[in-house]
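What follows is a set of notes on a single structure, which appears directly below.
Every read-out reported here was derived from the displayed coordinates using simple, explicitly stated rules and does not represent laboratory data. Keep in mind that this is a model prediction, so the values were computed, not measured. Here the Cβ is made from the backbone with ideal geometry for all residues, glycine too, and neighbour counts use every protein chain on show.
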């Protein structure tokens, strides 16, 4: 069996956050065809504890510490050298040595790195072929931060965008394939090359299913948002929603509630509880009881990149979703049928109020949303192009035909883990 090295900027377990979900599913899918060694940076005790559990799903896991104060210092040095802070932050001589030692024992046939921050490791590791999964166009995200920030942060974010852009260009130049999460991200990358492909995220529609959890008591007109709440796009999104949409909505639907579900809420998010009807939960063991309780799931993101797992999971739960254009970007759905797209405070209020007043319409939209996910966004279908690509790079043949990289078919891989959220 061919040897594959998978490099991640943090231990991809448990799959309870967007970046870890995708990475974990890639490891699972590749493990059916390759002897997978995962090399990952650890960022604390939780990562160290998770590594042995991840090892149950692959051949071997090697880790080295990164980040923290030393990582910030290295990030600053990298910035002064014209590189990205991210690249310096995730630099670890120890991980590089561990990878070299593994390769010295037996060379790897294929190296795959997850995120641009791990590209230097992949380029240094000897292998017959290399794949970089960039996921989103991170340089565009930093550019958006720069536009929305004041100096000196605007300067810092602009420098970071330039440094990350260099990594993205190197990935396309040096790797046999570069993966993005959607065709829209392929286009946004703006590097016209045949080796840039779209491989979508999926969702476990057995875990995220209607009736899979007992709902919390949030009222009959409950709106729910889920996400990691120290992540800037999520913070900006919910703060905008409460500021621009919630007052008018609450005035027209007094019984409405808005529950913000997610770990590590920033102070700005905590302060939203001062508004009548708004609840911030902080970390919860399972988001499904909150999704199950929702009359409408909202996703008001304005500086998001890529394909939103939170939207796919709500759709899989059979929920009516109202989202911004950025929140729906990359998802192949029928606006107005599978989900509602809103791009102004007025259209947000109109869409939500209409759904709250039409139970049958909510049910129908939720059913259409779940059907969309089950047809196009199962993990087995979404990962099939990746497996096919890896086998093709090594001159091997997949046991069954893979789905074209811009499409997705039916089928679902069963996994044994329970935690699944969130970006």
Residue 174 paired with residue 354, simple spin-label distance in nm, labels 7 Å along Cα-to-beta-carbon
5.0
Post the alpha-carbon centroid distance, the range 124-148 to the range 260-317, in whole angstrom.
26
Express the Stokes-Einstein translational diffusion coefficient of the range 1-158 in µm² s⁻¹, to the nearest whole number, given a Kirkwood radius over alpha-carbon pairs, 20 °C and a viscosity of 1.002 mPa s.
132
What ranking do 145-151, 376-382 get when scored by the average of other Cβ atoms within 10 Å per residue, highest first?
376-382, 145-151
For the range 171-224 and the range 1-30, what is the centre-to-centre distance using only Cα atoms, to the nearest Å?
15
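If contacts are Cα pairs under 8 angstrom and at least 6 residues apart, what is the relative contact order of the chain in percent?
15
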Could you work out the equivalent-ellipsoid semi-axes for the chain, taking the square root of 5 times each eigenvalue of the Cα gyration tensor, largest first, in whole Å?
36, 25, 19
Restricted to the range 222-376, the DSSP antiparallel beta bridge percent, nearest 5, is 0
Say each of residue 101 and residue 251 gets a label point 7 Å from the Cα, pointing the same way as Cα to Cβ; how far apart are those two points in nm?
6.6
Counting other beta carbons within 10 Å of each residue's own, what order do 390, 372 fall into, fewest first?
372, 390
Considering the zone a paramagnetic label at residue 275 would reach in this model (a point 7 Å from Cα along the Cα-to-Cβ line), which residues of the range 210-227 have amide N under 16 Å from it?
222-227
Name all residues of the range 250-269 having a backbone nitrogen under 13 Å from the label point set 7 Å from the Cα of residue 46 along its Cα→Cβ direction, giving them as ranges.
262-265
Where is the GNM fluctuation largest for the chain (alpha-carbon springs, 10 angstrom cutoff): 127, 221, 49?
49
How much of the pair distance distribution for the range 222-376 lies past 18 Å, counting alpha-carbon pairs only, in percent?
53
5 Å-binned pair-distance histogram of the range 164-310 (Cα, whole percent)
2, 9, 16, 17, 15, 12, 10, 8, 6, 3, 1, 0
Tell me, 131, 363, 235 in order of fewest to most beta-carbon neighbours within 10 Å?
363, 235, 131
For each of 229, 317, 1, count neighbouring Cβ atoms within 10 Å of the residue's Cβ, then give the residues from fewest to most.
1, 229, 317
